[in-house]
Amino acid sequence: MKKLEDWIDYLEGEGSLRERTEMNLLLKHSISDQMVLDNLRRLRQAVYETDSTRGADLLLGDKQYMEKMQSQIMKEVRKTKQTHAPNLTVIAGEETLSTSEQDPARVRGLYRT
Amino acid sequence: METDLNVLERVKNGDLNAFSELVLKHQKSLLRLALRVVGDLTAAEDVVQESFIKAYQKLESFEGRSSFKSWLFQITLNTARNKLRGKRLESVDIENVHVAVDAMSETIMIHTDLERAINIEVAKLPNKQRMALTLRIFDDLSFAEIAEIMKCPYDTAKANYRHALIKLRHSISDSTVLNGWMPKTHKRTLEVDA
């Protein structure tokens, strides 16, 4: 009979191909090993189901919500500058320019400065 | 499909839209992680936003030795913990706390005896074991990623996970409340194994 640790590794997809083949064979014949593995599987699933964020699955699966969040994050990211990123200084300039082109008021503002 | 490292190269070359792709790809799992730590959706959203900003600012320091995903997880975990620390230091309006807890218990926490028992036992685990367990089961991370986040060798991350699961198995099989969930034959097997 295999150790509990071995079955945990098996359940997690760990171990070499040879070890897994050996364990697959063992599972065909050993009821006690089957029970240990089944038990671990149930425990793992039970732990998974205790994740408090499962209650937010519906919201997290909402495409619109995620896109809105992405857009909000990017809005804030655009305001920030990277440390030691010379390339992005130029790009930040381009960003400002392209935004200004869509916004005549801002273009006027730029002219004034 | 383009790897994170390839997308990062584009970001480093000034393509901000590439960073937006990374945000879309990882924001959901980071939001889950943050929500688990701070326990409040609005605070979790703030944590994720702040984490992406930090990641963007410090992108040059990311050397690609770990995966980008585990680097983001590290940043988010630290940010969430700081946020939680800050929240604890704030003076708290007791009435607001009640409202928050009630809302949470209605929408998120659906406790059965088993869930309650597991939550209690998971909370009792040593920090490193609990972290390895939740990162693996809740966040579906590989042991390599867990090792990067926990800054430990691969085998240590795996050993922490194993110990956590074995301890939980012991506790649950010993629980009188859950008598029957884990058949006694299993329990005997466990005792032999242990």
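Where a number appears in this text, it was derived from the coordinates with a stated rule and is not lab data. All values reported here derive from a predicted model rather than from experimental measurement. Using ideal geometry, Cβ is built from the backbone for each residue, glycine included, and neighbour counts are taken over all protein chains shown.
The ranking of B:ASP155, A:ASP9, A:ASP38 from fewest to most other beta carbons within 10 Å of each one's beta carbon is B:ASP155, A:ASP38, A:ASP9.
Between A:GLU67 and B:ASP140, the simple spin-label model (points 7 angstrom out along Cα→Cβ) gives 2.2 nm. Each label point was placed 7 Å from the Cα along the Cα-to-Cβ direction; for B:PHE62 and A:ASP57 their separation is 2.9 nm.
Which value, in nm² and rounded to one decimal, describes the direction-averaged projected area of the C-alpha convex hull of region B:4-86? Write down the numbers at each step before the final one.
Numbers: hull surface 20.1 nm².
Average projection, Cα convex hull of region B:4-86: 5.0 nm².
In the structure shown, the pairs B:LYS28/B:LYS83; A:LYS68/B:LYS158; A:LYS3/B:LYS69 are assessed against 29 Å; a Cα-Cα span above that value is assigned to A:LYS68/B:LYS158; A:LYS3/B:LYS69.
Provide the FRET efficiency to the nearest 0.05 for the A:MET1-B:ALA123 pair, computing r from the beta carbons and using R0 = 35 Å. Could you put the intermediate results ahead of the total?
On the way: r = 32 Å, r/R0 = 0.91.
Taking R0 as 35 Å, the efficiency between A:MET1 and B:ALA123 is 0.65.
Tell me the net charge near B:LYS54. Cut-off is 14 Å between Cβ atoms, B:LYS54 excluded, with +1 for each Lys or Arg and -1 for each Asp or Glu. Surrounding charge for B:LYS54 is +1.
Counting only other residues whose beta carbon sits under 12 Å from that of A:ARG41, what net charge do I get with K and R as +1, D and E as -1? Intermediate values should be presented prior to the final figure.
Values: positive: A:ARG42, A:ARG44, B:ARG169; negative: A:GLU12, A:ASP38.
Summing Lys and Arg as +1 and Asp and Glu as -1 gives +1.
Among B:VAL122, A:VAL47, rank each residue by its count of other Cβ atoms within 10 Å, from fewest to most, as a rough exposure measure. Intermediate results must be reported in sequence, preceding the final value.
Details: B:VAL122 19, A:VAL47 24.
By the 10 Å Cβ count, ascending, the order reads B:VAL122, A:VAL47.
Using a simple spin-label model with pseudo-atoms 7 Å out from Cα toward Cβ, A:SER32 and B:LEU5 lie 4.6 nm apart.
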